[in-house]
């Protein structure tokens, strides 16, 4: 069978690691050409000081069956984003899938710190990193995406609209950043309707990103061994590929426009589309968090994987 996204061009911003890398590779599995952007390359690093590079991501995309193209871009820089979109236009003349996954705020999070005690510069940087970069990217990319009906914009965030509306998320800055991205998906959906294109928000569950695995001292090969440090993580976490497969399933759905403006989770979409994580399971993290972890029950993923 022909891969479902063969002939499609995708831009995954923030593809160096985490959900961005997982999404880029999953789109590669489906046969897409994927432009993988980020700030860390073989020759330069970002303020994260992490080893992952966009060249590695692009190679993983190609190995998965797609075509990975690494482009160094700082999505705060409008001219760099504009140049990126001109390149995509020149090389493909189309953009079918835009995934806004830029974030860059992990090192700025101050858990459960009230607004008046939170580092102001760090909090504002977190907020701008989550919102400004997405706005800049969409500003330049959407004119290319709307040339043909069927384009898809995915705003990657943390938490569904329903969950975030009822829960305080770590700090005022973090809470606002993640809620703003949900609203941005809704706003873009309204503006894209006339062109037959779709925008929606998507959240992974408790994701086994490179930084999270490092935090618990495990790898993707032995992540269950984190049970001693956090039994809920060991019970319900998911690989970055899982949310990426959610994006691929959405992009391959000819009726995806029915979802425009809404928010979804990787686990919820897996139940609908039937895709699995790399281990063959379908972890439903957000339902688990509400019904098990937040209820104070012992870690038990029975019925949630």
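The values are calculated or read from the model by the stated rules, or taken from the named source; none is laboratory data. These numbers come from a predicted model, not from an experiment. Glycine also receives a Cβ, built like all others from the backbone with ideal geometry; neighbour counts cover every protein chain displayed.
List of remarks:
- Residue 153 falls short on exactly one of the conditions (1) surrounded by fewer than 21 Cβ atoms within 10 Å (Cβ to Cβ); (2) touching a helix residue (DSSP H, G or I) at 6+ places or on another chain (Cβ under 9 Å); (3) on the phi < 0 side of the Ramachandran plot; (4) not in a helix (DSSP H, G or I), and that condition is (1).
- Qualifying residue in the range 122-129 (condition: under 19 Å from the mean Cα position of the chain (by Cα), within 23 Å of residue 285 (Cβ to Cβ) and part of a helix (DSSP H, G or I)): yes
- So residue 249, is it closer than 20 Å to residue 60 by Cβ and either at pLDDT 95 or above or in a helix (DSSP H, G or I) (or both): yes
- Taking the conditions (1) in contact (Cβ under 8 Å) with a residue 60 or more places away in the chain; (2) out of contact with any strand residue (DSSP E or B) (no Cβ under 9 Å at 6 or more places or on another chain); (3) on the phi > 0 side of the Ramachandran plot in turn, residue 49 satisfies each one other than (1).
- Members of the range 25-38 found to be without any contact (Cβ under 8 Å) to a residue 40 or more places away in the chain and out of contact with any helix residue (DSSP H, G or I) (no Cβ under 6 Å at 6 or more places or on another chain), listed by number: 31
- Yes/no for residue 253 being in contact with a strand residue (DSSP E or B) (Cβ under 7 Å, 6 or more places away or on another chain) and surrounded by fewer than 20 Cβ atoms within 10 Å (Cβ to Cβ): no
- Residue within the range 59-69 that is within 19 Å of residue 181 (Cβ to Cβ) and touching a strand residue (DSSP E or B) at 6+ places or on another chain (Cβ under 8 Å) present: no
- Selection of the range 159-181 for residues being touching a strand residue (DSSP E or B) at 6+ places or on another chain (Cβ under 7 Å) and surrounded by fewer than 22 Cβ atoms within 10 Å (Cβ to Cβ) yields 160, 161.
- Between 134, 92, the distinction of being under 30 Å from residue 215 (Cα atoms) and touching a residue at least 40 places away in the same chain (Cβ under 8 Å) belongs to 134 only.
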